[in-house]
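Below is one structure, written out as structure tokens; the observations come after it.
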Amino acid sequence: MAVLSLENVTYRYKNAQRAAVSGISCEFEEGKVYAVVGASGSGKSTFLSLLAGLDLPTEGTIRFQGDSLAELNLDRYRRESISMIFQVFHLFPLLTVMENVCFPMELCGITPKDARPRAAKLLEAVGIREEQMKRFPSKLSGGERQRVAIARSLASNAKIILGDEPTGNLDGENTQNIMDILCELAHKKGYCVILVTHDMEVAEMADVSFRMKDGNFVS
Ligand code: ADP
Ligand code: ADP
């Protein structure tokens, strides 16, 4: 079953001449990696904010497990149902890798004693070695930092991962590594991964890709 489904979704900024997202209908399922690829200005960021519940469509409906986002508690949806990864990694420079992953769990009330083994497991799953967990992010490469950011985003129980150009700062090899990790999370653990990107190579590594142009999906 689709975890997210969109029906005729349109978003028009105030005073904008044309809609930034225009009449999109599609479905996203668990267990797959999706890429939405398009040039700058095609509407990708707007589309992602709608999926993230940061804005509601001006027309049409987005459903999460069958319920319209317009009727859900959006704070709770954002907190519990989705996690986000970005082009810039947003790691805390003064916290170690381990502490970066533990921190959001502790904010949710998990004790440090329970958070640490869970964080270690998540870090291990994205290929961070034990000795790297004690280091500060500045000692890691860009690809490794993005892995830490992914581990941190997995600290919640959200099954939907939204990525805004998550490989935008990485070279080809690291892009491949991050895509392998995201594919494994989808295929083996059932995450629904949705990435927006202008990188055609990323789109080719996804299970399903949509091309966006002027706010629409074109074949
Ligand atoms: P992309 O992420 O693909 O670059 P965006 O979603 O940022 O595309 O933008 C889609 C269209 O919406 C563009 O024409 C852009 O200029 C317009 N747009 C984006 N944000 C705003 C805003 N806050 N107010 C008005 N227009 C906007
Ligand atoms: P991205 O790099 O993700 O594509 P943009 O460069 O399109 O983002 O937009 C950067 C910021 O400027 C966003 O907050 C977006 O909402 C805003 N923005 C983009 N286009 C416009 C516009 N035409 N009018 C007002 N704000 C805009």
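The values are calculated or read from the model by the stated rules, or taken from the named source; none is laboratory data. Here the structure is a predicted model, which is why all the values come from computation and not from measurement. Cβ placement follows ideal geometry from the backbone for every residue including glycine, while neighbour counts extend to all protein chains displayed. For accessibility, only protein heavy atoms count, side chains too; no ligands or nucleic acids. Shrake-Rupley method; radii C 1.70, N 1.55, O 1.52, S 1.80 Å.
So here's what we get for this one:
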item: Matching residues, the stretch 8-19, being touching a residue at least 40 places away in the same chain (Cβ under 8 Å) and of a type in the set (D, E, K, R); result: 12, 18
item: Residue satisfying all of: in the stretch 87-129; within 21 Å of the chain's Cα centre (by Cα) and of a type in the set (S, T, N, Q); farthest from residue 197 (Cα to Cα) among these; result: 100
item: In the stretch 1-19, residue farthest from ligand 1 (Cβ to nearest atom) [restricted to those that are of a type in the set (Gly, Ala, Ser) and crowded, with 16+ Cβ neighbours inside 10 Å]; result: 5
item: Subset of the stretch 182-219 (residues that are farther than 28 Å from residue 23 by Cα and either within 16 Å of ligand 1 (Cβ to nearest atom) or crowded, with 18+ Cβ neighbours inside 10 Å (or both)); result: 182, 185
item: Selection within the stretch 20-44 - within 6 Å of ligand 1 (Cβ to nearest atom), closer than 19 Å to residue 202 by Cα and touching a residue at least 60 places away in the same chain (Cβ under 8 Å); result: 38, 40, 42, 43, 44
item: Hey, residue 169 open to solvent by 60 Å² or more (accessible area, probe 1.4 Å), closer than 22 Å to residue 45 by Cβ and assigned to a loop (DSSP other than H, G, I, E, B) or not; result: yes
item: Residue satisfying condition, being surrounded by 18 or more Cβ atoms within 10 Å (Cβ to Cβ) and either of a type in the set (Phe, Trp, Tyr) or touching a residue at least 60 places away in the same chain (Cβ under 8 Å) (or both), within set 64, 92, 86; result: 64
item: Residue satisfying all of: in the stretch 13-33; of a type in the set (Lys, Arg) and within 12 Å of ligand 2 (Cβ to nearest atom); nearest to residue 217 (Cα to Cα) among these; result: 18
